[in-house]
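Sharing a structure, written as structure tokens. Questions coming.
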Amino acid sequence: MANSAQARKRARQATATHARNTALKSALRTAVKSVRKAILSGNKEAALQQFQASQALIDRIADKKIVHKNLASRTKSRLSQAIKAMPSA
């Protein structure tokens, strides 16, 4: 257990930061799932619209270093490829 006032404060801050980071990672996974669901539905325009909304969230989370920038880039790239592979109709 933390003994000094400084250590107790750092423990409180770490708890708050962990909760915030966990929520943001969850939001990232939810955004990716929503794009994948739109892709599976077969509606290319809806998938593209969902992807554009998710892109901003993915970039924001990577900028805060909650996930690595390469993970964010790879995720966006794979989603983009999946959308481009959809038939246009």
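Could you run the Debye sum over the Cα atoms of the chain, one equal point scatterer each and no solvent, and tell me log10 of I(q)/I(0) at q = 0.19, 0.21, 0.24, 0.26 Å⁻¹, two decimals?
The Debye formula, applied to the Cα set alone, gives -0.82, -0.93, -1.10, -1.20.
Hey, another quick one. With label points built 7 Å along Cα→Cβ from the Cα atoms of residue 14 and residue 85, find their separation and express it in nm.
4.2 nm
Identify the trypsin sites (Lys or Arg not before Pro) of region 3-89 meeting these criteria: DSSP loop state and at most 15 other C-beta atoms within 10 Å of the C-beta. Before the final figure, lay out the partial values.
Numbers: sites: 8, 9, 10, 12, 20, 25, 29, 33, 36, 37, 44, 60, 64, 65, 69, 74, 76, 78, 84; in loops: 64, 65.
Listed in order of number, the matching sites are 64, 65.
Right, another one. Does region 46-89 classify as rounded, prolate or oblate by the C-alpha gyration tensor (a ≥ b ≥ c root eigenvalues; a/c under 1.5 gives rounded; else a/b over b/c gives prolate, otherwise oblate)? Write down the numbers at each step before the final one.
Working: a/c = 5.54, a/b = 2.04, b/c = 2.72.
Oblate is the answer for region 46-89, as a/c is 1.5 or above yet b/c matches or exceeds a/b.
Please give the residues of region 72-89, grouped as numeric ranges, whose backbone N is less than 16 Å from a label point set 7 Å along the Cα-to-Cβ vector of residue 46.
83, 86-89
Give me the one-decimal Kirkwood hydrodynamic radius in Å for region 1-40, with the sum taken over alpha-carbon pairs. List each step's numbers first, then the result.
Details: mean 1/r = 0.0820 Å⁻¹.
Taking every pair of different Cα atoms in region 1-40, averaging 1/r and inverting gives 12.2 Å.
Charges only on Cβ, +1 for Lys and Arg, -1 for Asp and Glu: so what's the dipole of the chain about the Cα centre, in debye to the nearest 20? All intermediate terms of the calculation are to be shown ahead of the outcome.
Working: 19 positive and 3 negative charges, 84 e Å.
Once rounded to the nearest 20, the dipole reads 400 debye.
Here's a follow-up. Choose one of 61, 18, 41: the residue whose Cα lies farthest towards the positive end of the charge dipole of the chain (beta-carbon charges +1 Lys, Arg; -1 Asp, Glu; about the Cα centre).
Going by the Cα projections, it comes out as 18.
Here, each number is a calculation from the coordinates, and none is a lab measurement. The model shown is predicted, which means the values in this text are computed figures rather than measured ones. Glycine gets a Cβ as well: all are built from the backbone with ideal geometry, and neighbour counts include every protein chain shown.
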